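Asks: Here it is, the structure, as structure tokens.
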Amino acid sequence: MHGVTEQKLLRRLSIIEGQLRGVKKMVEEGRYCVDVIMQTEAVKYALSGVEDVLLERHLSTHVVEQMKQGEESKATAEILKIYKLAQRKK
């Protein structure tokens, strides 16, 4: 992963890092549970966005390259692995 994509992901991860520090502070301060839950949902949503970018990048570059090089079984295995991970999130 290079260039613009990497910079965007690092920026998103820095924002998420700040959100997590905020959640930790809310817990330390004994803030209202619903408010904390709302913030944890925002963190999960942001992490999901990072996963989406990584998945798209992986499928459109690495998996395509594996297919071109005749490594269909390896590409299929990776796609299935990602699918199984996604199923666990439900």
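Asks: Somewhere in region 64-73, is a residue under 16 Å from the mean Cα position of the chain (by Cα) and among the small types (G, A, S)?
Replies: no
Asks: Could you run through region 1-39 and say how many residues are touching a helix residue (DSSP H, G or I) at 6+ places or on another chain (Cβ under 8 Å) and over 30 Å from L80 (Cβ atoms)?
Replies: Total satisfying the criteria: 10.
Asks: If you don't mind, there's one more thing I want to ask. Give me the pairs: first residue in region 36-55 and in contact (Cβ under 8 Å) with a residue 40 or more places away in the chain, second residue part of a helix (DSSP H, G or I) and among the basic types (K, R), beta-carbon distance under 8 Å, and six or more apart or on different chains, which are they?
Replies: V50/R12; V53/K8; V53/R12
Asks: Another question about this same structure. Within region 58-66, is there a residue that is exposed (fewer than 11 other Cβ atoms within 10 Å of the Cβ) and of a type in the set (D, E)?
Replies: Within region 58-66, none of the residues are exposed (fewer than 11 other Cβ atoms within 10 Å of the Cβ) and of a type in the set (D, E).
Asks: While we're looking at this one, here's another question. Residue under question is V4, and the condition is that it be surrounded by 10 or more Cβ atoms within 10 Å (Cβ to Cβ) and aliphatic (A, V, I, L, M); does it hold?
Replies: For V4, the condition - surrounded by 10 or more Cβ atoms within 10 Å (Cβ to Cβ) and aliphatic (A, V, I, L, M) - is not met.
Let's see how each residue does on (1) surrounded by 14 or more Cβ atoms within 10 Å (Cβ to Cβ); (2) more than 20 Å from the chain's Cα centre (by Cα); (3) charged (D, E, K, R):
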| position | (1), (2), (3) |
| --- | --- |
| M26 | yes, yes, no |
| D35 | no, yes, yes |
| A46 | yes, no, no |
| D52 | no, no, yes |
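Asks: Continuing with this model, one more query. Can you tell me which residue among Q19, Q69 is loosely packed, with under 11 Cβ neighbours inside 10 Å and among the polar types (S, T, N, Q)?
Replies: Answer to the selection: Q69.
Coordinate-derived values only; no laboratory data. Keep in mind it's a predicted model, so treat the numbers as computed, not measured. Cβ: placed from backbone, ideal geometry, glycine included. Neighbour counts: every protein chain shown.
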